[in-house]
1. So for the range 350-373 (the condition being in contact (Cβ under 8 Å) with a residue 24 or more places away in the chain, small (Gly, Ala, Ser), surrounded by fewer than 16 Cβ atoms within 10 Å (Cβ to Cβ) and in a helix (DSSP H, G or I)), does at least one residue qualify?
2. Determine which member of the set 103, 143, 81 is farther than 30 Å from residue 188 by Cβ, in contact with a strand residue (DSSP E or B) (Cβ under 8 Å, 6 or more places away or on another chain) and β-branched (Val, Ile, Thr).
3. Within the set of pairs 6+ apart or on separate chains, which have a first residue in the range 178-202 that is in a strand (DSSP E or B), a second that is aromatic (Phe, Trp, Tyr) and at pLDDT 95 or above, and C-beta atoms under 7 Å apart?
4. Taking the range 337-349 on its own, how many of its residues are buried (at least 22 other Cβ atoms within 10 Å of the Cβ) and within 28 Å of residue 76 (Cβ to Cβ)?
5. If I ask for residues that are of a type outside the set (Phe, Trp, Tyr) and either on the phi > 0 side of the Ramachandran plot or surrounded by 18 or more Cβ atoms within 10 Å (Cβ to Cβ) (or both), which ones from the range 77-91 would you list?
6. Given the criterion hydroxyl-bearing (Ser, Thr, Tyr), modelled with pLDDT of 90 or more, closer than 30 Å to residue 354 by Cα and surrounded by 14 or more Cβ atoms within 10 Å (Cβ to Cβ), identify the matching residue among 66, 98.
7. Can you tell which of 110, 171, 98, 144 is assigned to a loop (DSSP other than H, G, I, E, B) and polar (S, T, N, Q)?
Amino acid sequence: MKYRLFRLTRRRVVTTITTVVLVVVVLVLGASWYYSGLIEDGAFKIDREPDELDLEIVSVTEDQISFRHPSGDGRWEQPGVWGLEWDGGFARVGDVISNKAGVISRVFMSQERLPAVGTTARMTREVFNGDPLTAHGLPFKEVSFPAPLGTLGAWLVEGGDTWVIHVHGHSGDRIEALRSTPVINRAGASSLVIDYRNDDGVDEDASGYYLYGLTEWKDLEVAVQYALDNGATSVIPYGYSMGGGIVMSFLYNSPLASSVSGVVLDAPMLDLSRVIDDAAAQRSVPGFITDIARFLTEQRFDVEFEDLEYLDDVDRLDTPILLFHGDDDDRIPVETSDEFAAARPALVGYERVAGAKHVHSWNLDPARYESAVESFLAPLVP
């Protein structure tokens, strides 16, 4: 009798433990599957929708504007120069004048027209809109050239025989380069501001995803070939965020990398796994969930994160690099740029900008940023 009870009790314990283990496994796999879907949405899925209009304008004059952020988000309390967009309007705003009771007042720098009180708006790092002529008075040509997925367009601001080729970031467009084209022009170089696959009006990659340089480098390659065919004696790729990853992939994979005399990178994507780990940590996602989710992402979406670890091959590089990264970047960990600069100190000139978030180094201190670019270009531009 006692033996039978012991066997029944043991069987129940084993059954209970097995059930608990199975439930835990199902929960972990379910959470990991869900998070791999978030990785797809946040990192790979093509998304050209602008940020929501989340600022409510509460007062405005010709030299000052005040607004309230409904969620109390402090991102846009940073000093510096920023763009302000609303339906049918665009302006530039400067430093914070006051920040009281959830209402932020900033210098109103320039505007097409004054927005009405109650208008909803968004702040953006893109301080200029339009094109090089309307934004800066720089004459330009709209050019195009054949690419693996059709035809790519670009702005060409003519300068010297050194061509700087601007490569925008994730979900971006040519406007991202409008902060940099004036300093490039002053330095005596030409600017080619390119589209690439997955941009609005351009064919999508066969995968249907952003791939952080795995395929996009081929579009940069044809842009470099276009520059060389039209008078460039050397090229300087200038990559912003994901565009930095595209530039790195081009340097590693293209025979035309030999025509590169220098590189500029602003908050570059150098290791996508690290980006995902950092985003997970910000959401308090356990590391083991992130690891499983990354594995599931590779299986579900045919992506190899190992191929996006651009830091692994920096010893192959032999071109001078100017690197910007804000130490408050909440999208791409600044530590990846720290490691890049430390690995190649003789090659990389590093501007680590205190307080700057993602690709905000120019916005916080335009004079410092442009001085660094001019100094970098001086020996490279005849």
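1. From the range 350-373, those in contact (Cβ under 8 Å) with a residue 24 or more places away in the chain are 350-366, 369-370, 372-373; that's our starting set.
With the extra rule that they be small (Gly, Ala, Ser), the set shrinks to 354-356, 361, 372.
Next, only the ones that are surrounded by fewer than 16 Cβ atoms within 10 Å (Cβ to Cβ) stay: 354-355.
Right, trim to in a helix (DSSP H, G or I) and you get none.
No.
2. Values: 143 fails: farther than 30 Å from residue 188 by Cβ; 81 fails: farther than 30 Å from residue 188 by Cβ.
Only one candidate passes the filter, namely 103.
3. Cβ pairs passing all conditions: 190/163; 192/163; 193/155.
4. Within the range 337-349, the subset buried (at least 22 other Cβ atoms within 10 Å of the Cβ) is 337, 340.
Now narrow it down to the ones that are within 28 Å of residue 76 (Cβ to Cβ): 337.
So the answer is 1.
5. Here is the first cut: in the range 77-91, the ones of a type outside the set (Phe, Trp, Tyr) are 77-81, 83-85, 87-89, 91.
78, 80, 81, 83, 84, 85, 88, 91, listed by residue number.
6. Working: 98 fails: surrounded by 14 or more Cβ atoms within 10 Å (Cβ to Cβ).
Of 66, 98, the one residue that is hydroxyl-bearing (Ser, Thr, Tyr), modelled with pLDDT of 90 or more, closer than 30 Å to residue 354 by Cα and surrounded by 14 or more Cβ atoms within 10 Å (Cβ to Cβ) is 66.
7. Working: 110 fails: assigned to a loop (DSSP other than H, G, I, E, B); 98 fails: assigned to a loop (DSSP other than H, G, I, E, B); 144 fails: assigned to a loop (DSSP other than H, G, I, E, B).
171 is the lone residue from the list that is assigned to a loop (DSSP other than H, G, I, E, B) and polar (S, T, N, Q).
To keep it simple, each residue is scored yes or no on (1) surrounded by fewer than 20 Cβ atoms within 10 Å (Cβ to Cβ); (2) assigned to a helix (DSSP H, G or I); (3) over 15 Å from the mean Cα position of the chain (by Cα); (4) assigned by TED's automatic domain parsing to the domain that holds residue 199.
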| position | (1), (2), (3), (4) |
| --- | --- |
| 238 | no, no, no, yes |
| 246 | no, yes, no, yes |
| 250 | no, yes, yes, yes |
| 256 | yes, yes, yes, yes |
| 285 | yes, no, yes, no |
| 289 | yes, yes, yes, no |
| 298 | yes, yes, yes, no |
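The values are calculated or read from the model by the stated rules, or taken from the named source; none is laboratory data. Given the structure is predicted, the values throughout are model-derived calculations rather than measurements. In this analysis, Cβ positions are derived from the backbone assuming ideal geometry, glycine residues included, and neighbour counts consider all displayed protein chains.
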